[in-house]
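Asker: Structure in structure tokens, see below.
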Amino acid sequence: MGTHTITTQKVNFKVFRFNADVDYLPYYENYEMEVTSEEVVLDILNRIKWDHDGSFSYRRSCRHGICGACSIKVNGKATLACKQSMTSMTELFGNELTIEPLSIKRAVKDMIIDKGDFWEKHDAIRPYLISDVNEHPEHEHLVTPEEAEELNEADLCIQCGSCHYACPVVEINEDFFGPAAFAKAYRFEADVRDDAHTERLQILHEEKQGLWDCVKCFECQEACPKDVNPIDKITKLHNMLFKEGVATSNVATRHAVGFKHSIAKNGVLDEGGLVLYSEGPSIVKHIPVAAKMFIKGKIVPPWGITKSDNLDEIKKLVESSSTAKF
Amino acid sequence: MSKLKYALFTGCTAKQSTPEQYMSTMALADKLDIELVELTEASCCGASHLQDYDDFLSLVLNARNIAYAEKHGLTMVTICNTCQLNTAMTKHRLDENADLKARVNEKLGEVGLEYKGTSQITHFLYAIIDDIGLDKLKEMVVTPLSQFNIAPFYGCHNIRPSELQNESHKTAENPYKPSSLDDLIIACGGMNVDYEEKNKCCGFHAELQAPKTAAILTGKAIAGAMDSNADWMVTPCPLCHLKLDTQTHHASEAIGRDVSLPVLHMQQMVGLALGCSKEELGLKHHLVNVDFV
């Protein structure tokens, strides 16, 4: 057994300060500290409060990565303060660290934010088991380990908000449910005991609020401290929309399905054909840009597309490996 | 050292809406003395949209593409972030799940192919950095880009999810503070511009589905680069390029401010520094004119 050596290093912290009751604008306070290799980010928040300024405010509770209260941002990275080691932070960012709340525009006091929108969206996707339970059952309601496995990852979510406030769409479109709500929706969609699959999927299929407005940036997966992998759940929910027959024909569903048609025909994508298939008559709105692109040699007509070699293989595989219908 | 040789997965865009990207890839490979074996059999990667409809089919198609690189016994090089993501993700999922790999291979067997997992998959940007090296590249520069402030735009699908991405190249990238493209700009003699949006999303994948959201993201990205005094932007992703170069009108409308900057492909930037001509690099194929060459 090797001996464990504790190392220390000097770190400069730039800390976001704001009290909505008295401050017109936020400001930053600087603290220089000796940080040990045993400390986590929450230890730093505690030391700021205990050693420097008792008015410094943040949420904390369990100290074990379970309650989800202490999530903040360090140099823009969402961080569950009680779980994230300081060494990992200095390895990523060096010795100048900026401590901010998860969402600056929702700051109430220092690290404390108003998470109202998070909970509102969480509630909107019906985050509970909907089942007509027989109160006097004759036998157990068995769930196989394989069925339970399907929802295990999503069940790890502690509602810390890290992914929600890392999502760029949440910042722009206030109707968008966001990755945490989607992961929670998946947790119940994947539950074999749930009877509201179609109902919930219909809520998730709605444009502006639903799944189709995801930009696929993977910020949510990167931000999640519990490996819930929200974007993977978003993809699985997309698949469910088709499998359960909830997906109706709109620009988003036709766009997803259009890839298959294009691949079956050419192997490669027919970019213009895909936009036409997705948009239908609304294609007209793309004409001004398309005209400019055409002049610059950026549009290949359908007859000019170089198809994939061995196209027969691709056609055969599309035929034999398809698992979805629309 | 023997000549560097890769299997090139061009992706669809390089053959259609970004011809300049294909041209500059070839011109640059020539300058760098890299041999590229083009995978002309490859299909579309599904662009993470086919994945929304039929995940298994997308795995089979991507595994087929990789199988062709394996047949050549070469590392697959991608020139599109989204191709890189979907191909590398397929590899990752098949390599860690023997059952899934068997199911995919059962399908590939029908056409006489097999996915083995023997080829690495890396983006051209990282192939240059890992296999040629920035020091050597620096020595090869004949036209340093020293008069330009250049804003790197990384593109989501090269840097996130970092756990997956960092399997694909030797130089670890921090998704919150990426540095590869900055380093490449510096190696070409340019001044790298730091700005908040450099590792953010351009909105491309929701352009049809959520045009307003997508346009705002595009607008913010270009505005961020402009406000940091960038002369132009550079990206390793042709989809980011398309969004930033062709959608400036919608982006300007969405954020209430005129935004526009020339957006070069990574290959064009390095090509310029290494003395390729503007014709070779296809600079005339941009909507925002590349008027500084």
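Asker: Which condition number does B:I185 fail, the rest of (1) within 13 Å of chain A (Cβ to nearest Cβ); (2) touching a residue at least 40 places away in the same chain (Cβ under 8 Å) being met?
Answerer: So B:I185 meets the others, but not (1).
Asker: A:A264 passes all but one of (1) surrounded by 21 or more Cβ atoms within 10 Å (Cβ to Cβ); (2) in contact with an Asp or Glu (Cβ under 9 Å, 6 or more places away or on another chain); (3) more than 7 Å from chain B (Cβ to nearest Cβ); (4) among the aliphatic types (A, V, I, L, M); which number fails?
Answerer: If we test A:A264 against (1) surrounded by 21 or more Cβ atoms within 10 Å (Cβ to Cβ); (2) in contact with an Asp or Glu (Cβ under 9 Å, 6 or more places away or on another chain); (3) more than 7 Å from chain B (Cβ to nearest Cβ); (4) among the aliphatic types (A, V, I, L, M), just (1) comes out false.
Asker: Among what's in the range A:186-231 and is at negative phi and of a type in the set (K, R), pick the residue that is farthest from the other protein chains (Cβ to nearest Cβ).
Answerer: Result: A:R193.
Asker: Restricting to the range B:133-178, and then to whatever is surrounded by fewer than 16 Cβ atoms within 10 Å (Cβ to Cβ) and among the small types (G, A, S), can you tell me which residue is farthest from the other protein chains (Cβ to nearest Cβ)?
Answerer: Result: B:S146.
Asker: I'm checking my understanding of the structure. Among residues of the range A:309-324 that are closer than 15 Å to A:F259 by Cβ and either among the β-branched types (V, I, T) or more than 7 Å from chain B (Cβ to nearest Cβ) (or both), which one is surrounded by the most Cβ atoms within 10 Å (Cβ to Cβ)?
Answerer: If we take residues in the range A:309-324 being closer than 15 Å to A:F259 by Cβ and either among the β-branched types (V, I, T) or more than 7 Å from chain B (Cβ to nearest Cβ) (or both), then A:I314 is surrounded by the most Cβ atoms within 10 Å (Cβ to Cβ).
Asker: If a residue has to be buried (at least 18 other Cβ atoms within 10 Å of the Cβ) and within 10 Å of chain B (Cβ to nearest Cβ) to count, how many in the range A:240-251 make the cut?
Answerer: Of the residues in the range A:240-251, 4 are buried (at least 18 other Cβ atoms within 10 Å of the Cβ) and within 10 Å of chain B (Cβ to nearest Cβ).
Asker: Can you tell me which of B:L39, B:L61, B:L57 is touching a helix residue (DSSP H, G or I) at 6+ places or on another chain (Cβ under 8 Å) and within 14 Å of B:K5 (Cα to Cα)?
Answerer: Exactly one residue qualifies, and that residue is B:L39.
Asker: Continuing with the same structure: What do you reckon, is A:T3 exposed (fewer than 14 other Cβ atoms within 10 Å of the Cβ), of a type in the set (S, T, Y) and touching a Ser or Thr at 6+ places or on another chain (Cβ under 7 Å)?
Answerer: So A:T3 does not fit the description; no.
Asker: Checking the condition part of a loop (DSSP other than H, G, I, E, B), more than 11 Å from every other protein chain (Cβ to nearest Cβ) and not aromatic (F, W, Y), which residue from B:S48, B:S2 passes?
Answerer: The match here is B:S2.
Asker: Would the range B:17-28 turn up any residue that is surrounded by fewer than 24 Cβ atoms within 10 Å (Cβ to Cβ) and aromatic (F, W, Y)?
Answerer: yes
Asker: Also, quick follow-up: I'm told A:R60 meets every condition in (1) closer than 28 Å to A:E222 by Cα; (2) in a strand (DSSP E or B); (3) not aromatic (F, W, Y) except one. Can you identify the failing condition by its number?
Answerer: Here A:R60 clears every test but (2).
Asker: With the condition being touching a strand residue (DSSP E or B) at 6+ places or on another chain (Cβ under 9 Å) and more than 10 Å from every other protein chain (Cβ to nearest Cβ), I'd like the helices (runs of 4 or more DSSP H) fully within the range B:198-280 carrying at least 2 qualifying residues.
Answerer: Helices (runs of 4 or more DSSP H) meeting the threshold: B:211-227, B:238-246, B:266-273.
Per-residue answers, yes or no, for (1) over 22 Å from A:Q221 (Cα atoms); (2) free of Cβ contacts under 8 Å to residues at least 40 places away in the same chain; (3) assigned to a helix (DSSP H, G or I):
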site	(1), (2), (3)
A:V108	yes, no, no
A:D123	no, yes, yes
A:I130	yes, no, no
A:E150	no, no, yes
A:G161	no, no, no
A:K184	no, no, yes
A:D194	yes, no, no
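Asker: Name, by its number, the condition in (1) free of Cβ contacts under 8 Å to residues at least 60 places away in the same chain; (2) among the β-branched types (V, I, T); (3) surrounded by fewer than 22 Cβ atoms within 10 Å (Cβ to Cβ) that does not hold for A:I203.
Answerer: (1)
Throughout, read-outs are computed from the coordinates displayed, never taken from laboratory work. This structure is a prediction, so every number in the text was calculated from the model and none was measured. We place every Cβ from the backbone using ideal geometry, glycine too, and count neighbours over all the protein chains shown.
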